[in-house]
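The values are calculated or read from the model by the stated rules, or taken from the named source; none is laboratory data. Here the structure is a predicted model, which is why all the values come from computation and not from measurement. Note that we place each Cβ from the backbone using ideal geometry, even for glycine, and neighbour counts take in every protein chain shown. When the accessible area is computed, the model is the full protein with side chains, heavy atoms only, and any ligands, DNA or RNA have been set aside. Shrake-Rupley method; radii C 1.70, N 1.55, O 1.52, S 1.80 Å.
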Amino acid sequence: MSHTKTFECPECQTSGQHSMEKRVCVNKRPDLKDEILNGSYFEWVCPGCGKRFFIDDVFLYNDDMHKFMVYLIPGYNEDTLPVPTLLKTDDDYDTANSVLRVASGFVDFTEKIRILESGLDDRVIEAMKAIYATVHKNTWAEDVYNILFESIGSEGELNFDVFLEKDDFSFSVPRDIYDKTLEDFAFLRRRQEGDAFLLIDQNWLNNKLSGADDKT
Ligand SMILES: [Zn+2]
């Protein structure tokens, strides 16, 4: 499933090739995991001048141990993506029993992996972000541009990065706040998983809370 593309460097006009898999079972290829998460897997390095270029391409990440898959589809703007037949018939891809997500950009893609690998529910994480953004705005009269889940800390706390217009910082939330949010927002988790890749973000949450999207 590896595919190779030829690129020409816009800086020095040297041509070269970049190969990557269309999809990876990360439990079978643990050597690729760091490269995928830090983005270097998607980079083409010009053999002439050494400049790095990010290759925006479709990529499927399958973690069969934690039972989730994240589909990176740059620019994707639908709420759901039906499971491709190609995957349903591939034994390495247990789509029926995995949490399936689609991400429209690399930053969201890696965040999803961090959330799901940590055993957290990304729908509840989106609710926590919305609550934090509202509290921040009410307290400081400042818009939050983005919030990203980063990691679980040594005390079990959840670490987030917050991006304001001109500033960014980190904050931590104790694990019991997550557990409480999980209970309070149980209605977000009613839908059965496994029949399509879902795009779960702040828009999804807003639709959910406004009742505009009762189907999902
Ligand atoms: Zn070059």
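Computed from Cα atoms, the angle from the helix 175-184 axis to the main principal axis of the chain rounds to 70 degrees.
With the simple spin-label model, which puts each label point 7 Å out from Cα in the Cβ direction, the Tyr145 to Phe53 separation comes to 2.7 nm. Anyone know which of Ser104, Ser154, Ser19 comes out most mobile in the 10 Å Cα GNM of the chain? Ranking Ser104, Ser154, Ser19 by mean-square fluctuation puts Ser154 first. Surface analysis of the chain yields an accessible area of 55 Å² per residue, using protein heavy atoms and a 1.4 Å probe.
With no solvent and one equal point scatterer placed on each C-alpha of the chain, evaluate the Debye formula and give log10 I(q)/I(0) for q = 0.14, 0.16, 0.17 Å⁻¹, two decimals. Ignoring solvent entirely, the Cα scatterers give -0.96, -1.18, -1.28. Ranked by the mean number of other Cβ atoms within 10 Å of their residues, highest first, the peptides 112-119, 132-139 fall in the order 112-119, 132-139.
For the chain, the longest principal axis of the alpha carbon atoms and the long axis of helix 122-140 meet at an angle near 70°. Cα convex hull, the range 116-181: 84 Å³ per residue, rounded to a whole number. Using every pair of distinct Cα positions in the range 60-139, the Kirkwood expression returns a hydrodynamic radius of 13.9 angstrom. Taking the accessible area of the chain, probe 1.4 Å, and keeping the other protein chains in place, the carbon and sulfur fraction comes to 48%.
With the simple model of a label 7 Å out from the Cα in the direction of the Cβ, Lys22 to Asn206 spans 3.4 nm.
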